[in-house]
Amino acid sequence: MRAEMSVDNTESGWRSPHNVNDAATPPLETGAGIVSLLRHPALTRFLTARVASITAQQMLMLAISWHMYDLTSSAWYLGLVGLCQFLPGLATTFVAGHCADRMHRGRIVAVCLAAQAAVAALLAASIIAHVVTRDLLLGLSLVLGAIRPFQMAGQQALLPMLVPQRLLARSMALSTSVQQVCVIAGPALGGLLFAIGVKALYCTCAVLFCVGAALYALIRYDYVPRPREPVTVETLLAGLRFVWSNPLLLGGISLDLFAVLFGGATALLPVYAKHILHVGPEGLGLLRSAPAVGALCVGLMLSRHAIVSGVGKKLLIAVAIYGISIVAFGLSRWFPLSLLLLAVSGAADTISVVVRQTLIQLETPDHMRGRVAAVNTLFIGASNQLGEFESGATASMFGVVGSVVAGGCATILVSIAWSRMFKPLARRDALH
C-alpha cells in the first residue's frame, strides 16, 4: 500500500491511497486474479485476522445458542440471546463510530477481540466450576452486544484504507468470501468440538480471538491522529444525518435491516436440528455452515468479476431470491434439501452484501466512514440480533415453521416495496 501515492486529508486526519485521482486506471478492475489483491500486505494481514476472529465468533455463537437451548428447551430464550446482543448496541453504536473516525481503526478492533477472548475464557471457566446458567449466558450476550459496534465500525472503515479505490469492490468481495469460509469452518469445527466437550470449544475460541487481536494490532496504514476536539451530540449523530440525507444509502442500509429482520432463520436452527430434521449438534453445525457455502462460491466469483451494470436491479432480485429460499427451507423436512436451500440463501445474500457495502464505502467520504459504518452496524445488529428475537417471539406464538415461512414471505414483499420507495437505489446502474 505504501507504494501508492497518498493524499493528506487534513479535515479527517487520514491519509488514504484510494483518494488518488488515478485517471489512467479504470474505476473497477474485473479481470485480474485474486493474487493481485493479496499483493497488498495490509490487506493480507486484515484477511488473515478475519479468518481467526470470525471463526471464533461463529463457534462462540453456536456454543451459546446450543447451550441456551440445552438449558431451557425454549425458542423464546434463543430469541432473548439475540435481543441481549442488540440492545447494548443502541447505547454504544454512535460512540463507536466517533472513535473509528478519530482513532487507529486496527487497534480498536484488536481491543474488541481481546475482550471477546475474555468472554470465551470466562465461559470455559464457568464450565469447569459448573456454574453455567441461563442468566450468565444472557449477561455475557449483553457484553458481546456492547463490544460488537466498536469492532464492526472499525472493520468496515478500515478496509478502504488498505487498497486503492479501483480495487475496493473486488476487495470487498474477497473479504466477504473469507468471511464465508469462516462461517463454513466455524460452526462445523464447533460441532466437532462438542464431541470433545463445550469447554474445549470455548478455549479454542479464546485462543483464536487472541490471534486475531494480535494481527489487527499489527496492521499498518497511513494514519495521522486528529487533534482532540469536544464530543458533541452533533458529531456523534453526523453519520445518521448523512445517511438520512442520501436516499441511495438509506435505501441500501434499510433494505438489509428489514429483509434479514423478517427473513433470518438462524436463531431457530437449533430447533430445526433437534426436533424437525433430527440431526443433532453436528447437523446444526452443517445447517449454520450451509449459507456460507453458497456465499463463498458467489463471493469468489465477485472477487474476480465485479458487478459492473444493473447493480440496483440485481440487488433487489437477490433479496427476493433470499426470501424465496427461506420460505422453501421453512417447509422442507429433508436434511439435504434444507442444506441446499440455505446455500441458495447465502449466495443471494452475498450479492446483496457486496453491492450494498461497496456502495456505502464509495458514497461516503473517508472522514465520515466510521460514523456511517456505525449506522450500518446498528442496522445490521437490528437485522441480525433483533431478527433472532423476532424469530423466537413469532415461533412461540405461531410455531417454528410458521415463523420461518412468514418471515421469508415478508422479505419478498420488502424487495418489491423498496424497488418503488427508493428509486435511486433501484435505478443505480454501476457501483462507481
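Laboratory data are not the source of any read-out in this text; all were calculated from the coordinates shown. Quick caveat, the model's predicted, so the values are computed rather than measured. Note: ideal-geometry Cβ built from the backbone for every residue, glycine included; neighbour counts use all protein chains shown.
Counting only residues at least eight positions apart within a chain, or on another chain, the lysines with an alpha carbon under 22 Å from that of Lys199 are Lys274.
For the chain, a Gaussian network of Cα nodes joined below 10 Å ranks Ala238, Ala91, Ala406 by mean-square fluctuation, and the top entry is Ala91. Between Val131, Val243, Val119, the GNM of the chain built on Cα springs shorter than 10 angstrom shows Val131 fluctuating the most.
For segment 34-426, the residue among Leu78, Ser332, Pro291 whose Cα projects farthest onto the positive side of the dipole built from Cβ charges is Pro291.
Here segment 34-426 is assigned +1 on the Cβ of each Lys and Arg and -1 on the Cβ of each Asp and Glu. Its dipole about the Cα centre then comes out at about 840 debye. Compare the Cα positions of Ser419, Val354, Pro160 along the charge dipole of segment 34-426 (+1 at Cβ of Lys, Arg; -1 at Cβ of Asp, Glu; about the Cα centre) and return the one farthest towards the positive end. Of the listed residues, the answer is Pro160.
Kirkwood's formula applied to the C-alpha pairs of segment 72-204 gives a hydrodynamic radius of 16.8 angstrom. Taking other C-beta atoms within 10 angstrom as a stand-in for reagent exposure, Thr55, Thr92 fall in the order Thr92, Thr55, fewest first. Listed by Cβ neighbour count within 10 Å, with the fewest neighbours leading, Tyr202, Tyr322, Tyr69 appear as Tyr69, Tyr202, Tyr322.
If R0 is 25 Å, what FRET efficiency do you get for Ile196 and Leu142 from their C-beta distance, rounded to 0.05?
0.35
Report summary: the helix-based calculation at 222 nm, which adds -39500 (n - 2.57) for every DSSP H run with n ≥ 4 and divides by the residues of the chain, gives -25000 deg cm²/dmol.
Highest mobility in the GNM of the chain, judged by mean-square fluctuation with C-alpha springs under 10 Å and restricted to Glu363, Glu282, Glu234, is found for Glu234. All other residues whose Cβ lies under 12 angstrom from that of Leu71 are scored, Lys and Arg at +1 and Asp and Glu at -1, for a net of -1.
Equivalent ellipsoid of segment 34-426: semi-axes from √(5λ) of the C-alpha gyration tensor, largest first, are 30, 25, 20 Å. Rounded to the nearest whole Hz, the Karplus-based 3J(HN,Hα) values (6.51 cos²θ - 1.76 cosθ + 1.60, θ = phi - 60°) of segment 406-415 follow the sequence 5, x, x, 4, 5, 5, 4, 5, 4, 4, with x at glycine and proline.
Placing R0 at 45 angstrom, the Cβ-Cβ distance between Asp135 and Lys313 gives a FRET efficiency of 0.40 after rounding to 0.05. The gain in end-to-end length when the Thr48 to Val207 segment is fully stretched comes to 55.8 nm, 0.36 nm per residue minus the alpha carbon separation.
Note on segment 34-426: dipole from Cβ charges, positive end direction compared against Val178, Ala393, Leu62; the farthest Cα belongs to Val178.
For a straight C-alpha distance cut-off of 26 angstrom, the lysines reachable from Lys313 (same-chain residues fewer than eight places away being disregarded) are Lys423. Here the alpha carbons of segment 100-167 define both size measures, Rg and Dmax, at 15.9, 53 Å. Which residues make up the longest stretch of the chain that has no trypsin sites (Lys or Arg not before Pro) in a DSSP loop with at most 16 other Cβ atoms within 10 Å? The reported range is 40-219.
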